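Novice: This is the structure I want to talk about, given as structure tokens.
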Amino acid sequence: MYRLDSTMARGEGAEQYAASLLSVKPKNTDIKTAKPNDQRNRLSVWNKLCYAIGGAPYQITGSALGFFLQIYLLDVAQLDPFHASIILFVGRAWDAVTDPTVGFLVSRSRWTRIGRMMPWILFSTPFAVLTYFLIWYVPPFEQGKVVWYLIFYCLFQSMQTCFHVPYSALTMFISNDQKERDSATAYRMMVEVLGTVLGTAIQGQIVGGDTSCPTEPGEHDSRNSTNTSIVSLNETKRAYLISSGVICIIYIFCATVLFLGVKEKKESGRKVSQLTFCQGLWLVMGYGPYIKLVIGFLFTSLAFMLLEGNFALFITYALGHRKDYQNILLVIMLSGTVTIPFWQWFLTRFGKKKAVYFGITWAVPFMILIVCIKSNLTISYLVSLAAGVSVAAAFLLPWSMLPDVVDDFKVKNPDIHGHEALFYSYYVFFIKFASGLSLGVSTLSLKFAGYVTGSCSQPEAVSLTLKVLVSPVPVGLIAVGLLILWTYPIDEERRQGNRKLLQEILDSESETSVLGSSV
């Protein structure tokens, strides 16, 4: 549930927001640059808002895919669960591979009249929109359906990566002033959070009104029931196309606003060494605190990804709330959204490791409760409302702790510069690859349980499997992840010490720069 993208489903984007919360503020006020230069680096509210709006497409499409793609492939496209599992796994694994690859290519892009990042964003948008729309189209043939969805799902992930990786890097090129970048990032995070809610709301509310099971079994004779189901299935297909069309229009609008409202500034500063792909991987994977953080959050993120990917099916078939699942999902996202300021306050007041343990374990009792009690719509809403509080923490906190690892790395390796993005890109790589594996395995589990494609009811074994996938398995993954995070060495004392050391380095470089320019 995002990162909140998708993911929340995938969680990307929040790293810049977390960095803004923890940014180092220069303490030396004696050294000031020329006032005209300060004015030139300042961003207007309009510039910041335009920049923030550019982050919405990633979150909107991510939340829609995260919550609805599995149930769409099984019940609307009516694919065999085995084939659906292949599409989900390969698509996510491909998405994981494209992140560091596109990042590597973007870092070697040349400057153009419209910038260095902006051409990637501009030219990927129409292809991303087209491929996203075709994901939600059911082709009029049966034999090639699997290939159809596999191709367009992978193509969309590639185009989306070509949009989002340069967009994330664009933060460093909208201004030379750190305060202005931090302020723009805060705008971005709020828009992205609204994007996750918007994606869930658009897809859920448009699609939720149509169902291929309008009546309970036995209310009509079999002939009328079959005809009604066929008509309702066609209406559901149309509803998915309408919702995807609305999202595509929003995607184009956001990309246009970003292009027209943000001017990319040509970078200047010290040169960085050009590392090969393997050298960068070795540099990152050899750092102990980073490994412990990534593996710990890998398990906790998988827990929430399993919950996200199977929750719509769980609500529909295990709890029997077929007509309310879209509203329950919306409650979770809204609950997570409104509690983000609370977690921001909590981690600054009590520390990040305490926030991790308190925030993630908060969901465990509700995961257990929802599968133990008898199905009740009111209780389902209350449990979802409470669980959403933990969802916000689970996907915000990893991105707030990654900057601490980067700072720690800088202190331990002061001669290595300009490779901060590697820590983010490889974290995203592992999380996305693992999420694809978890979605593929969970969908395959439904096949072994006897899932019947297109049926309005499922065998008891399917209901039991869904309960296992949204409760015992996530709880076990959370327990393992928290045990690993217990060994994470960067506590509040070490984090504050690193910030002081980095501040001294920053002040020293500023003094050297001013003295050099005066000479």
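The values are calculated or read from the model by the stated rules, or taken from the named source; none is laboratory data. Just so you know, these numbers come straight off a predicted model, no measurement behind them. Cβ: placed from backbone, ideal geometry, glycine included. Neighbour counts: every protein chain shown. Only protein heavy atoms, including side chains, enter the accessible area calculation; ligands, DNA and RNA are left aside. Shrake-Rupley method; radii C 1.70, N 1.55, O 1.52, S 1.80 Å.
Novice: Scan region 114-122 and give yes if some residue there is closer than 29 Å to residue 311 by Cβ, of a type in the set (D, E, K, R) and open to solvent by less than 50 Å² (accessible area, probe 1.4 Å), otherwise no.
Specialist: Checking region 114-122: not a single residue is closer than 29 Å to residue 311 by Cβ, of a type in the set (D, E, K, R) and open to solvent by less than 50 Å² (accessible area, probe 1.4 Å).
Novice: Which one of these is modelled with pLDDT under 85, open to solvent by 30 Å² or more (accessible area, probe 1.4 Å), outside the structural domain of residue 168 (by the TED database) and under 18 Å from residue 284 (Cα atoms): 423, 429, 409?
Specialist: Only one candidate qualifies: 429.
Novice: Go through the residues of region 312-320 one by one and say whether even a single one is closer than 21 Å to residue 476 by Cα, open to solvent by 10 Å² or more (accessible area, probe 1.4 Å) and in a helix (DSSP H, G or I).
Specialist: yes
Novice: Could you please let me know if residue 500 is assigned to a helix (DSSP H, G or I), open to solvent by less than 60 Å² (accessible area, probe 1.4 Å) and of a type in the set (Lys, Arg)?
Specialist: no
Novice: If you don't mind, another one. Just give me the residues in region 354-384 being of a type in the set (Gly, Ala, Ser) and either assigned to a helix (DSSP H, G or I) or touching a Gly at 6+ places or on another chain (Cβ under 7 Å) (or both), in sequence order.
Specialist: Those that are of a type in the set (Gly, Ala, Ser) and either assigned to a helix (DSSP H, G or I) or touching a Gly at 6+ places or on another chain (Cβ under 7 Å) (or both): 355, 359, 375, 380, 384.
Novice: A further question follows. Being at pLDDT 85 or above and crowded, with 20+ Cβ neighbours inside 10 Å is the filter here; which residues of region 202-227 pass it?
Specialist: 203, 206 - these are the residues of region 202-227 that are at pLDDT 85 or above and crowded, with 20+ Cβ neighbours inside 10 Å.
Novice: The conditions are (1) in a helix (DSSP H, G or I); (2) at pLDDT 65 or above, and residue 175 fails exactly one of them. Which is it?
Specialist: If we test residue 175 against (1) in a helix (DSSP H, G or I); (2) at pLDDT 65 or above, just (1) comes out false.
Novice: Out of curiosity, is residue 120 aromatic (Phe, Trp, Tyr) and under 22 Å from the mean Cα position of the chain (by Cα)?
Specialist: yes
Novice: Go through (1) within 24 Å of residue 428 (Cβ to Cβ); (2) open to solvent by 10 Å² or more (accessible area, probe 1.4 Å) for residue 143 and report which single condition fails.
Specialist: (1)
Novice: May I pose another question? What do you reckon, is residue 491 farther than 20 Å from residue 317 by Cα, charged (D, E, K, R) and crowded, with 17+ Cβ neighbours inside 10 Å?
Specialist: Considered against the rule, which asks whether it is farther than 20 Å from residue 317 by Cα, charged (D, E, K, R) and crowded, with 17+ Cβ neighbours inside 10 Å, residue 491 comes out as no.
Novice: For region 83-102, enumerate the residues that are open to solvent by 20 Å² or more (accessible area, probe 1.4 Å) and either modelled with pLDDT of 85 or more or of a type in the set (S, T, N, Q) (or both).
Specialist: 83, 86, 89, 90, 94, 101
Condition check ((1) polar (S, T, N, Q); (2) touching a strand residue (DSSP E or B) at 6+ places or on another chain (Cβ under 7 Å); (3) open to solvent by less than 20 Å² (accessible area, probe 1.4 Å)) across all residues:
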site	(1), (2), (3)
328	no, no, yes
337	yes, no, no
346	no, no, no
351	no, no, yes
357	no, no, no
363	no, no, yes
372	no, no, no
379	no, no, no
